[in-house]
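J.: Mind having a look at this structure? Questions to follow.
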Amino acid sequence: MSVSVLFVCLGNICRSPTAEAVFRGRVQAAGLEDRIRIDSAGTGDWHIGKAPDTRMQRAAARRGYDLAPLRARQVTAADLSAFDYVLAMDNANLNDLRALGDASGHLGLFMDFHPQPPVREVPDPYYGGEAGFDEVLDLVETTSDALLDALRARLG
Ligand code: 4NP
């Protein structure tokens, strides 16, 4: 049995590629890369084909995550049936996903997996300062650990 996870934000250049890279690191460390498929996408189309934001890349690199190979793509209705978990970074992303169609698996907020969520949404760092990128990483790291625990239970 395997499980697939899609992380979704607005541009697919800050929050969701960070979740993709951080969660992939956790999954690889657990030796589960053959059983958990991971991808990310954006609800918007402005950054299709672009590498992650350089500010996000730098903040992630300081913690050992390489975002450079990732390229932005736009989420599609087909993604909602292709992935077991579609996890939105904020409520606007979640509403846009719901408007796109019906999900066959779990469609919800990424932060719902955080054990003690300080916030319900991962704040959009795009128009803010450097600290916002570190806040994204803090939230994504803790939530990724808990998400992996939840998927392990499902994988058995
Ligand atoms: P992301 O951040 O949704 O975390 O990738 C953003 C990236 C770009 C824009 C907004 C948010 N933008 O407006 O272009």
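The values are calculated or read from the model by the stated rules, or taken from the named source; none is laboratory data. Predicted model, so just to flag it, every value in this text is computed and none were measured. Every residue, glycine as well, gets a Cβ built from its backbone with ideal geometry; the counts of neighbours run over all protein chains shown.
J.: When you check Ala103 against the structure, is it away from the ligand (no atom under 16 Å from the Cβ), modelled with pLDDT of 95 or more, loosely packed, with under 13 Cβ neighbours inside 10 Å and hydrophobic (A, V, I, L, M, F, W, C), yes or no? Quick ask: steps written out before the conclusion?
T.: On the way: away from the ligand (no atom under 16 Å from the Cβ): yes; modelled with pLDDT of 95 or more: yes; loosely packed, with under 13 Cβ neighbours inside 10 Å: no; hydrophobic (A, V, I, L, M, F, W, C): yes.
So Ala103 does not fit the description; no.
J.: What is the one condition in (1) within 12 Å of the ligand (Cβ to nearest atom); (2) part of a loop (DSSP other than H, G, I, E, B) that Val140 does not satisfy?
T.: Here Val140 meets the rest and fails (2).
J.: Could you check the range 7-32 and list, in sequence order, the residues that are among the polar types (S, T, N, Q) and either away from the ligand (no atom under 16 Å from the Cβ) or on the phi > 0 side of the Ramachandran plot (or both)?
T.: At the first step, the residues of the range 7-32 found to be among the polar types (S, T, N, Q) are 12, 16, 18, 28.
Within the range 7-32, Asn12, Gln28 qualify.
J.: Continuing with this model, one more query. Would you be able to say whether some residue in the range 138-147 is in contact with a strand residue (DSSP E or B) (Cβ under 8 Å, 6 or more places away or on another chain), surrounded by 12 or more Cβ atoms within 10 Å (Cβ to Cβ), within 13 Å of Val5 (Cβ to Cβ) and among the aliphatic types (A, V, I, L, M)?
T.: Residues of the range 138-147 in contact with a strand residue (DSSP E or B) (Cβ under 8 Å, 6 or more places away or on another chain): 147.
Adding the requirement that they be surrounded by 12 or more Cβ atoms within 10 Å (Cβ to Cβ) leaves 147.
If we keep only those that are within 13 Å of Val5 (Cβ to Cβ) too, we end up with 147.
Now restrict to residues that are among the aliphatic types (A, V, I, L, M): 147.
Within the range 138-147 (the criterion being in contact with a strand residue (DSSP E or B) (Cβ under 8 Å, 6 or more places away or on another chain), surrounded by 12 or more Cβ atoms within 10 Å (Cβ to Cβ), within 13 Å of Val5 (Cβ to Cβ) and among the aliphatic types (A, V, I, L, M)), the answer is yes, since at least one residue qualifies.
J.: Here's a check for you: in the range 38-56, which residue that is more than 11 Å from the ligand (Cβ to nearest atom) and free of Cβ contacts under 8 Å to residues at least 40 places away in the same chain is nearest to Val136 (Cα to Cα)? Even if it seems obvious, please write down each step before you answer.
T.: Residues of the range 38-56 that are more than 11 Å from the ligand (Cβ to nearest atom), as a first pass: 38-39, 48-49, 51, 54.
After this cut, where a residue has to be free of Cβ contacts under 8 Å to residues at least 40 places away in the same chain as well, the list is 38, 48-49, 51, 54.
Working: Ile38: 18, Ile48: 21, Gly49: 22, Ala51: 17, Thr54: 14 Å.
The residue in question is Thr54.
J.: Considering every residue within the range 72-80, establish whether at least one is under 21 Å from Leu151 (Cβ atoms), in contact with a Gly (Cβ under 7 Å, 6 or more places away or on another chain) and either modelled with pLDDT under 95 or more than 11 Å from the ligand (Cβ to nearest atom) (or both). Steps first, please.
T.: Residues of the range 72-80 that are under 21 Å from Leu151 (Cβ atoms), as a first pass: 75, 79-80.
Checking which are in contact with a Gly (Cβ under 7 Å, 6 or more places away or on another chain) leaves us with 75, 80.
Now drop any that are not either modelled with pLDDT under 95 or more than 11 Å from the ligand (Cβ to nearest atom) (or both), which leaves 75, 80.
Yes, the range 72-80 contains a residue that is under 21 Å from Leu151 (Cβ atoms), in contact with a Gly (Cβ under 7 Å, 6 or more places away or on another chain) and either modelled with pLDDT under 95 or more than 11 Å from the ligand (Cβ to nearest atom) (or both).
J.: Then there's this: Take Ala146 and tell me if it is part of a helix (DSSP H, G or I), within 19 Å of Leu32 (Cα to Cα) and among the aliphatic types (A, V, I, L, M).
T.: Numbers: part of a helix (DSSP H, G or I): yes; within 19 Å of Leu32 (Cα to Cα): yes; among the aliphatic types (A, V, I, L, M): yes.
Here the answer is yes, as Ala146 does meet what is asked.
J.: Check Met1 against each of (1) within 12 Å of the ligand (Cβ to nearest atom); (2) modelled with pLDDT under 95 and name the one condition it does not meet.
T.: Condition (1) is where Met1 drops out.
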